[in-house]
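Contents: one structure, followed by commentary.
Nothing in this text is a laboratory measurement; each read-out follows from the coordinates by a stated rule. Since this is a predicted model, take the numbers as computed values, not measurements. Cβ coordinates were reconstructed from backbone atoms using ideal geometry, including for glycine residues, and neighbour counts include every protein chain displayed.
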Amino acid sequence: MGKLTKNHDTVLTQDYNIEHIGIDVTANDGEKNILDWIIPIAKGKVIEIVSNKNYTNNDPSNYGDYGNYIIIDHSNGVLSRYAHLAYNTIKVKLNEVVDESTILAFMGATGYAFGGHLHFEIIVNGNTIDPYDYVFKDKLLIIAENEKPVPDIDEPDNNTKKSCLTIIQDFIQKIIDIAFRRKRWFIIFFVNI
């Protein structure tokens, strides 16, 4: 039903900003906000799972703010993070290939969280971006001519590098367009590939 929630509509509870590098969402059953099962934003491969960790004032190094989380690699330098997952609800395994129908886990309040919700991030080449349009405006997460499954390779070939450069250039243009539309400014670093 929702872009990140399995059974109900996804609703925004906190927006992306410089101090909150993701969005917080919950589900809504038509009358009130509720918790729901979480599904991936797009096809990818699970590359990190942290489970049954919690933030305490005595030990903030205990995976701190995120609590239980999953990171999915969507290829081309694009990752997504799903955080504050409920204890003992993670349904996927490391290196598992998932898609939009896969149940990842249940929303929770692990880590530094006040009430149950999902903290969601999109990370592109190590930098977080505002995921709002990808969740609520049907913007595609991966822009590629021929989408392929996440490859199990160590080093991309020259054609892959060229394709990545084209995707990055398109992506930067879209970020600039969003910045002007939303009247937000971003610092963009250019890297010689």
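Work out the FRET efficiency for Tyr112 and Gln169 from their Cβ-Cβ distance, taking R0 = 41 Å, and round it to the nearest 0.05. Write out the running numbers ahead of the final one.
On the way: r = 36 Å, r/R0 = 0.88.
The pair Tyr112/Gln169 has a calculated efficiency of 0.70.
If I take R0 = 30 Å and measure r between the Cβ atoms of Asp9 and Asp65 in this structure, what FRET efficiency does the formula 1/(1 + (r/R0)^6) give, to the nearest 0.05?
Using R0 = 30 Å, I get an efficiency of 0.70.
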